[in-house]
Each structure stands twice: as structure tokens, then as C-alpha cells.
1. For E280, state whether it is assigned to a helix (DSSP H, G or I), among the charged types (D, E, K, R) and open to solvent by 100 Å² or more (accessible area, probe 1.4 Å).
2. What pairs come up if the first residue lies in region 219-235 and is at negative phi, the second is open to solvent by less than 100 Å² (accessible area, probe 1.4 Å), and their beta carbons are under 9 Å apart, counting only those six or more places apart or on different chains?
3. Pairs under 9 Å by beta carbon, first residue at pLDDT below 85 in region 261-284, partner open to solvent by 80 Å² or more (accessible area, probe 1.4 Å) and not aliphatic (A, V, I, L, M), six or more apart or different chains?
4. So which residues in region 132-154 are among the charged types (D, E, K, R) and either part of a loop (DSSP other than H, G, I, E, B) or under 19 Å from A16 (Cβ atoms) (or both), if there are any at all?
5. If I filter region 144-167 down to residues being farther than 23 Å from L123 by Cα and open to solvent by less than 90 Å² (accessible area, probe 1.4 Å), which single residue comes out as nearest to the chain's Cα centre (by Cα)?
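The values are calculated or read from the model by the stated rules, or taken from the named source; none is laboratory data. Quick caveat: nothing in here was measured; it's all calculated off a predicted structure. Here the Cβ positions follow ideal geometry from the backbone for every residue, glycine too, while neighbour counts run over all protein chains shown. Just so you know, the surface numbers come from the protein's heavy atoms only, side chains and all, with ligands and any DNA or RNA stripped out. Shrake-Rupley method; radii C 1.70, N 1.55, O 1.52, S 1.80 Å.
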Amino acid sequence: MLLTSDSPLEMCALDAEHVASVLEDCVDQLAVLGSIISIPDNPAATTETNSIDEIAKLLNGQKHLEGRYEELVMNEKNTSEMSSLKQNMKSSAQAIMKSVKLNPLATENLIKLQQDREYLQDLIAECLQEVSQEGSFEGLIRATVEEREKKNKTAGNHTQEEDARKNVRALQRQLLELKKSKEVEMQSRNEMIAHLKDQLQETRAKTTMERKYIEKECQVQKVMKNKQCQMTEAELQAELENLQIQLEEENKVNKETEMWVKKHHDQLQEKVEYWMDKYERELIRNPKS
């Protein structure tokens, strides 16, 4: 393939026609592929017959074929290999479609595949128009560079997202550990509260028992004191009565004694008077004596 001297990306008219025919064929095949892609209404009705690894392997092969095809388009050589790659890309796309349809995530994969197909069809159509009108494919290279930048940016976003996921998982672990620690602390506090409640109930029961014991003891002591006082009072009363009896007897004896003494006093008084009278008469009779 010969490039003109004006620009390294411009082609001669013959090469432009060859590339345009190949691109037009690609556009037609992508359009046919879009018409045969069917998205199931019920994603749950699909069955998992092929694994995700198999689909990833097919996609990697498809990307390799597309990369080789873009390399041939940029180098503008080996048209026969481009035709073979085009046929292989078609077969690979059919295999991917078959595997995707049988995968449980068929709906999401088909939607993504349809979006990629539409983008690729529009890009090749623009490139076909550029090749047909201007004989260059700067738009394809520019789109490839933009997609590579987007891919690198997406990879960076994925890295940031993965870091964010790791941070979230770390925070979740910390939250779980904190939750467990708080649960243990709460359990310990509940046990302490239960223990203090038991101690409080025990203290209340002990205080109630001691109060009842003291009240009963006070009542017993009161009864004993009352009985003791009653006994002392009875003893004193008996002693008082005994003393009263003794006092009455002494008074009686004193009265009797007083009467006896008075009686004898009167008798002695009479005797004295008698003897005095007698003495006086004797003196009168015998004055000299």
C-alpha cells in the first residue's frame, strides 16, 4: 500500500477504494449482527451451560483479532490477511453470542455487546466516510487513542474503586470489631447491673430481716421489762402490805403498851399519893422522928 507524500496517513485512490470496500463490508456485517442479537425478556429463564471463564476467553480472542485488524488497517498492507481476520472475527462474534445467550447474565452481557457493536459500527462508518472522501483514517486513530485513554482512565477508576472497596471493607471490619467490643462491654455492664441488683435485693432482704429481728427483740425486751416491772411492783406491793401490817401491829402494841404504862402510872401515882399521905401523917404523929 502506498501513502502520499502530503501526509503519512493519506492513501492513494486505489488503496482508499480497497480499504473502503473492507470497511463497508464490516459495517454491513455489524448491521447484520445487530439485527440477529436478541435480548431475552426474562433473564432468569436462561441456563448456565458455559462458564464465565469461557466467555472471557472468547472475548479476549475477539479483542486480539480486532487489535490485529486495526494494526493491518493502520499499516495498510496484507489485504488477504484482513479478509481472513474479518471471517475469524465473524465466527468469534457468533461464538460469543452463543455463549452469552446461555449465560445467566445474558441480558446485561447482550446489552453491553449491543452498545459496543453500535459504537464500533458508527466508528467504522465514520472511518469509511473519511476514507472515501479524504483518503485518510485519522478519525479511527483518534478514536483508538481516545478509547485507550478511556480504558486507562477506567483502569485508574477501577483501581480507585478497588481501593475504596478495600477501605470500605476495612471500615466494615473495624465497625464489626467495634460493634463486638460494644456488645461485650454492654454484656459486661448488664452483668454488673444484674449483680448490683442482686446485691441490692440481698441487702434489702437482710435489712428487712434485721429490722424484723430488732423489732421482735425490742418487743421481747419490752414484755420482759413489763413482766419484771410487774413482778417488782407486786413484790413491793406485798412488802408494803407486810410493812403496813407490821405497822398496824406495832401501833396496836404501842397503844396497848401505852395503856398498860398509863394504867401502871396511875397505879403508881395512887401508891405514891398514898405513901405520901401516909408519910405526912406519920410526920404529924411523930414530929421528932
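1. Judged against the criteria, E280 is not a match.
2. Every condition considered, no pair remains.
3. E282/S289; L283/S289
4. Initially, region 132-154 is screened for residues among the charged types (D, E, K, R), giving 134, 138, 142, 146-151, 153.
Matches in region 132-154: E134, E138, R142.
5. Restricting attention to region 144-167, the residues satisfying the condition of being farther than 23 Å from L123 by Cα are 156-167.
Now restrict to residues that are open to solvent by less than 90 Å² (accessible area, probe 1.4 Å): 156-157, 159, 161-164.
Numbers: G156: 36, N157: 33, T159: 31, E161: 27, E162: 27, D163: 26, A164: 24 Å.
This residue is A164.
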